[in-house]
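Participant: There's a structure below that I have some questions on.
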Amino acid sequence: RSDMTIPIARVVATRYATAQPPLRFCYVAHAYRSVRPSRGQDREMLQAGIELVGVPEHEGTAEALTVLCLALDAAGLAGYRIGLGDAALYPSLLDAHGVAGDGRRRILHELQTRDFVGLEREVEALRLGPEATEALVRVPQRRGGAEVLDSAGAAADGLRAVVAALPSEVAGRVIFDLGLARSLTYYTGAVFEVYDAALGAPLGGGGRYDDLLGRYGRDLPAAGWALNVERLHIALVGERRGERL
């Protein structure tokens, strides 16, 4: 299994077919990825995570993010930040500018791989005009505080609603990333990753997957996240070493 979300979605549709939502699950389990090992990438990883089923949209996302921050606080991590994006934001921009077909698929591939040079090349190849090209190239590279949401206009309304639902101490951890795209394809709304200066790779992440459970027979909204336990330990050690210097 590449993660625990899909197995838990199956469990909800079968063993919990008549259970009243919301349903809250937590787990510690190994996941396996088909990757070419490089720069410390492992095929096997120990994950700790949660799945929140049956709490819709911004309320559910806010609960998942709050539990994430409480877990990291309890583990003793001090300098972490949450990169927050929306899986629906960039597709909505493509819709607004009439981008479809192969051009759309190529652009989304470049976005997922974080190749902004390739993304600019693919956008310019469509010859959409200067205003549309500027928006499709620059918006996914915007990262920072609430001011970056202005560049996306109404497409960022979902992110505004999520942050409005967060406790202030959780909202203070958030960095908006308008080009954030998770590698798993089932995300439908808010997506997020955990960063810490002590480690140059995400410690984990998650997001909303409101369409996934319906594939297994129980149509419920859901959100969840998973942390890479080994990376969390490395970040904790790195922070403590920094404190001693």
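Participant: Which count do you get for residues in the range 96-138 that are hydroxyl-bearing (Ser, Thr, Tyr) and within 18 Å of Ala152 (Cβ to Cβ)? Walk me through it before giving the result.
Facilitator: Kept after step one, since they are hydroxyl-bearing (Ser, Thr, Tyr), are these residues of the range 96-138: 113, 133.
Adding the requirement that they be within 18 Å of Ala152 (Cβ to Cβ) leaves 133.
Residues meeting the conditions: 1.
Participant: Filter the range 176-188 down to the residues that are open to solvent by 20 Å² or more (accessible area, probe 1.4 Å) and out of contact with any Phe, Trp or Tyr (no Cβ under 8 Å at 6 or more places or on another chain), then identify the one that is nearest to Ile82 (Cα to Cα).
Facilitator: Residue satisfying both the conditions and the ranking: Arg182.
Participant: If you scan the range 189-201, which residues turn out to be touching a residue at least 40 places away in the same chain (Cβ under 8 Å) and either among the aliphatic types (A, V, I, L, M) or surrounded by fewer than 18 Cβ atoms within 10 Å (Cβ to Cβ) (or both)?
Facilitator: Scanning the range 189-201 gives Ala190, Val191, Val194, Ala197, Ala198, Ala201.
Participant: Counting just the residues of the range 81-122 that are touching a strand residue (DSSP E or B) at 6+ places or on another chain (Cβ under 8 Å) and of a type in the set (A, V, I, L, M), which one comes out modelled with the lowest pLDDT?
Facilitator: Ala87
Participant: For the range 163-175, check the following and say yes or no: at least one residue is surrounded by 13 or more Cβ atoms within 10 Å (Cβ to Cβ) and part of a strand (DSSP E or B).
Facilitator: Taking every residue of the range 163-175 in turn, at least one turns out to be surrounded by 13 or more Cβ atoms within 10 Å (Cβ to Cβ) and part of a strand (DSSP E or B).
Participant: Please count how many residues of the range 109-132 are assigned to a helix (DSSP H, G or I), free of Cβ contacts under 8 Å to residues at least 40 places away in the same chain and buried (at least 17 other Cβ atoms within 10 Å of the Cβ).
Facilitator: Taking the range 109-132 first, the residues assigned to a helix (DSSP H, G or I) are 109-112, 116-125, 130-132.
Right, trim to free of Cβ contacts under 8 Å to residues at least 40 places away in the same chain and you get 109-110, 117-125, 130-132.
The next check asks that each one be buried (at least 17 other Cβ atoms within 10 Å of the Cβ); those that pass are 110, 119-120, 122-123, 132.
Qualifying residue count for the region: 6.
Participant: Okay, next question. Right, Arg104: of a type in the set (D, E, K, R), in contact (Cβ under 8 Å) with a residue 60 or more places away in the chain, closer than 26 Å to Tyr186 by Cβ and surrounded by 12 or more Cβ atoms within 10 Å (Cβ to Cβ) or not? Talk me through it step by step, then tell me what you get.
Facilitator: Working: of a type in the set (D, E, K, R): yes; in contact (Cβ under 8 Å) with a residue 60 or more places away in the chain: no; closer than 26 Å to Tyr186 by Cβ: yes; surrounded by 12 or more Cβ atoms within 10 Å (Cβ to Cβ): yes.
So Arg104 fails the test.
Participant: Report yes if Gly238 is surrounded by fewer than 21 Cβ atoms within 10 Å (Cβ to Cβ), at positive phi and assigned to a helix (DSSP H, G or I), otherwise no.
Facilitator: no
Participant: Check Gly54, Gly79 and return the single one that is touching a residue at least 12 places away in the same chain (Cβ under 8 Å), on the phi > 0 side of the Ramachandran plot and not hydrophobic (A, V, I, L, M, F, W, C).
Facilitator: Criteria check complete, one pass: Gly54.
Participant: Quick check on the range 139-156: of everything there that is assigned to a helix (DSSP H, G or I), of a type outside the set (A, V, I, L, M) and surrounded by 14 or more Cβ atoms within 10 Å (Cβ to Cβ), which residue is farthest from the chain's Cα centre (by Cα)?
Facilitator: Only one residue tops the list, namely Ser151.
Participant: Moving on to the next point. Looking at the range 47-71, which of its residues are open to solvent by 60 Å² or more (accessible area, probe 1.4 Å) and either modelled with pLDDT of 95 or more or not in a loop (DSSP other than H, G, I, E, B) (or both)?
Facilitator: Glu57, His58, Glu59, Leu70
The values are calculated or read from the model by the stated rules, or taken from the named source; none is laboratory data. Because the structure is predicted, anything quoted here is derived from the model rather than measured. Counting neighbours? That spans all protein chains shown, and the Cβs are built from the backbone with ideal geometry, glycine included. Surface accessibility is based on the protein's heavy atoms, side chains included, excluding ligands, DNA and RNA. Shrake-Rupley method; radii C 1.70, N 1.55, O 1.52, S 1.80 Å.
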